[in-house]
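Only one structure is covered here, and it is reproduced in the block below.
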Amino acid sequence: FMSDAQQTDERCAYLFRRNRQEVLGIVRNVADELRVSRFAPCDEELAFSKDGALPPVYVETPEGQAVLSGFVARVDVLDAPGGKYFRVIDYKAGHKDFDYTDLLCGKGLQMLLYLFAIERAKGHHAAAGKTPAGVLYVPGRMDVERLEPGQTDEALTKQRQKNLVRQGLLLRDEQVLPAMEPGDTPVFLPYQNKTGELHGTLATHETIQLTERLGTGRRHHTQQ
């Protein structure tokens, strides 16, 4: 029998190995996406605050004004012949779905508000003035998968990849989507191409702009 100290040491060693494998898996997944994407990171941990790279976001509602400060985990840009675009990336340790219903209820707006604030912060950031291409939430965890007896390592890989698909809202644009991930069968992005029809959380330029005012008619600005 092992002593309590030995059992604790064994458990700590197991948790360390599992956490290490999980971190390496997420890093590899993000690296694999960036290898095929023409969007390139231009900033990480972008701060919206009094002393940050960009000022706080001031949100005006019928009930009054609120000040939003925080961080964007990553900002990616694309300079293409047909236009200049940017997207914001957030890493989520838990599960995150994008739902228009949440926006109507005033929830899940933080990354979208940051998206529009970056767009309007002309001269203050490498992505300023470019066209918003969307918001993506990247899973920051790899759960232990449950397989049926006899299933192969390939089945495990497919299941893990399915659970690592990003969530969010992307610009429905024939130049933007292939630049994020080429091919008709996206592995990382939250949409599918079914017989030439795109299905998923996609939005036109107009719809992305309208998300700013969904539900409550909110307005926001950044103080220069």
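The values are calculated or read from the model by the stated rules, or taken from the named source; none is laboratory data. Computed from a predicted structure; not experimentally measured. Positions of Cβ are backbone-derived with ideal geometry, glycine not excepted, and every protein chain shown enters the neighbour counts. Surface areas here come from the heavy atoms of the whole protein model, side chains and all, with no ligands, DNA or RNA. Shrake-Rupley method; radii C 1.70, N 1.55, O 1.52, S 1.80 Å.
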Running a GNM on the chain with Cα contacts under 10 Å, which residue among GLY129, GLY25, GLY196 ends up with the highest mean-square fluctuation?
GLY196
Along the charge dipole of region 1-150, Cβ charges K/R +1 and D/E -1, which of HIS124, GLN65, GLY140 sits furthest on the positive end?
HIS124
Share of accessible surface on carbon and sulfur in region 59-201, whole %, 1.4 Å probe and ligands ignored, is 48 percent
What nm value, rounded to one decimal, do you get for the distance between GLU174 and THR61 when each label is placed 7 Å out toward the C-beta?
4.1 nm
Rounded, prolate or oblate for region 1-129? Axes are the square roots of the Cα gyration tensor eigenvalues, ordered a ≥ b ≥ c, and the cut-off for rounded is a/c under 1.5.
prolate
Which value, in debye to the nearest 20, describes the size of the charge dipole of the chain about its Cα centre when Lys and Arg Cβ atoms bear +1, Asp and Glu Cβ atoms bear -1, and nothing else is charged?
260 debye
Would you mind checking region 162-179 for residues with the amide N under 15 Å from a putative spin-label position 7 Å along Cα→C-beta of TYR100?
168-172
Of LYS92/LYS162; LYS92/LYS122; LYS162/LYS194, which sit over 21 Å apart, Cα to Cα?
LYS92/LYS122
Choice from LEU34, LEU170, LEU136 with maximal GNM fluctuation in the chain (Cα, 10 Å cutoff):
LEU34
Restricting to region 36-135, compute how many DSSP beta bridges are antiparallel as a %, nearest 5.
80 percent
Considering only protein heavy atoms, what per residue accessible area in square angstrom results for the chain with a 1.4 angstrom probe?
59 Å²
Within the set THR211, THR201, THR61, GNM on the chain using Cα springs under 10 Å gives the largest fluctuation to THR61
Calculated from the structure, log10 I(q)/I(0) by the Debye sum over Cα atoms at q = 0.11, 0.13, 0.14, 0.17 Å⁻¹ equals which of [x] -0.53, -0.73, -0.84, -1.22; [y] -0.63, -0.83, -0.94, -1.26; [z] -0.78, -0.99, -1.07, -1.22?
[y]
